[in-house]
1. Using only the alpha-carbon atoms of segment 26-83, report the extent along each of the three principal axes, biggest first, to the nearest angstrom.
2. Arg130 to Ser4: FRET efficiency via 1/(1 + (r/R0)^6), r the Cβ-Cβ distance, R0 51 Å, to the nearest 0.05?
3. Among Phe112, Pro100, Leu184, flag the residue with its Cα farthest along the positive direction of the charge dipole of segment 83-199, charges on Cβ as +1 for Lys/Arg and -1 for Asp/Glu.
4. Please express the shape of the chain as an equivalent ellipsoid: the semi-axes are the square roots of 5 times the eigenvalues of the C-alpha gyration tensor, given largest first in whole angstrom.
5. Using bins 10 angstrom wide from zero, how does P(r) for segment 137-193 break down, in % of all Cα pairs?
6. For the chain, which span is the longest to avoid every loop-located (per DSSP) member of GluC sites (Glu not before Pro) having at most 13 other Cβ atoms inside 10 Å?
7. Pop a pseudo-label 7 angstrom from the Cα along the beta-carbon direction at both Ala225 and Phe139 and give the gap in nm to one decimal.
8. With +1 on each Lys and Arg Cβ and -1 on each Asp and Glu Cβ, how big is the dipole of the chain about its Cα centre, in debye rounded to the nearest 20?
Amino acid sequence: MAQSRPRVWVSQPLFDDIVGQVAAHCDVRATPEVTEYGQDAIAAALRDCDGALVTLNERIGTDAIAAAPRLRVIANVGVGYDNLDVAALDAAGIVATNTPDVLTETTADLGFALLMAAARRIVESERWLREGQWKQWSFSSMLGADVHGSTLGILGMGRIGRAIARRGHHGFGMKVLYHNRSRLPAGVERETGAQYVDFDALLAQADHLVLVLPYSPASHHLIGAAALARMKPTATVVNIARGGLVDEIALADALAQGRLGAAGLDVYEGEPAVRPELLALRNVVLTPHIGSASRHTRRAMVQLAVDNLLAALGIGPRAGHPPTPVTAKKTTAAVAGQGAAEKR
Ligand code: GLV
């Protein structure tokens, strides 16, 4: 009996030419405009699908998974996948994939840009100039914190953390300290110029602290009032990971009261909403979750997600072997390449 073409949902407008590679093999339901979905809309979209390309905005939870009997793969266009219930996907035998590596350097660039902008008061001083407040050059105005030669603290030493460490060590002569679930091999420490320290030492010694660890319930509000109180009052905090890592009210209080020097944030707990307490501050630089947003990298992310999706559906040169799965190997091996009807 002839097999029907797999059905694929694409949750947001991506790059048509790359998504076109899916349309060559599958019936694609694309979304022409940026769309915000509730849980019911996600469940309805997935109900009759074999696969989906989704972004970090779409939360894929147990109800949607239970209501999607044909579903074989969720290809997330992003490296972080806290929007996916990976345990439930694994239990249902559905492959989940993400897009690591291709965005590492671009995201590290943005982390460094935020660090420099916050420490050297670039956005604040630009705004002041545009407001016409620059009447006379002044020796003592807009004094910030040095980046070169200072101590860079990195919390989370995965690929992006290491790329930031290299920039700090090799480019800016910084002393680089890191804290991570596990210590890195000596060769990686040497190459990145990074020294392992415990969490408290990292907080106490960093002149600039960059958060690059994954978000999970265990890391919720890791940077809260207690952690901030252990930091130098001149320090900078940069968050390019997930908003939930930081207690934003405690951060705003510390910044407003001079207990912390500055912050650079690309991610927020309730994004796209940003707390008014943060918006009101001059010593925080705010960007709208653009860590991986270069033209080249965003295309590479979509291409990797498409490669993952097709492979998990048993199509193309990597059939059965999606390049970057996040679900267990046995789920990937069992599902990839099977017909939808055989799955459950
Ligand atoms: C962006 O935040 C990503 O996880 O790729």
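No value in this document is a laboratory result; all are computed from the given coordinates. Predicted, not measured: the structure shown is a model, and the values here were computed from it. Every residue, glycine as well, gets a Cβ built from its backbone with ideal geometry; the counts of neighbours run over all protein chains shown.
1. Extents along the principal axes: 25, 24, 20 Å.
2. Numbers: r = 58 Å, r/R0 = 1.14.
Calculated value: 0.30.
3. Highest projection toward the positive end goes to Phe112.
4. Working: eigenvalues 334, 91, 65 Å².
So the equivalent ellipsoid measures 41, 21, 18 Å along its semi-axes.
5. Reading upward from the zero bin: 23, 46, 18, 10, 4.
6. Numbers: sites that count: Glu33, Glu36, Glu131.
Segment 132-344 is the longest.
7. Each label point lies 7 Å from its Cα, and together they span 4.1 nm.
8. Working: 34 positive and 34 negative charges, 136 e Å.
For this selection, approximately 660 debye.
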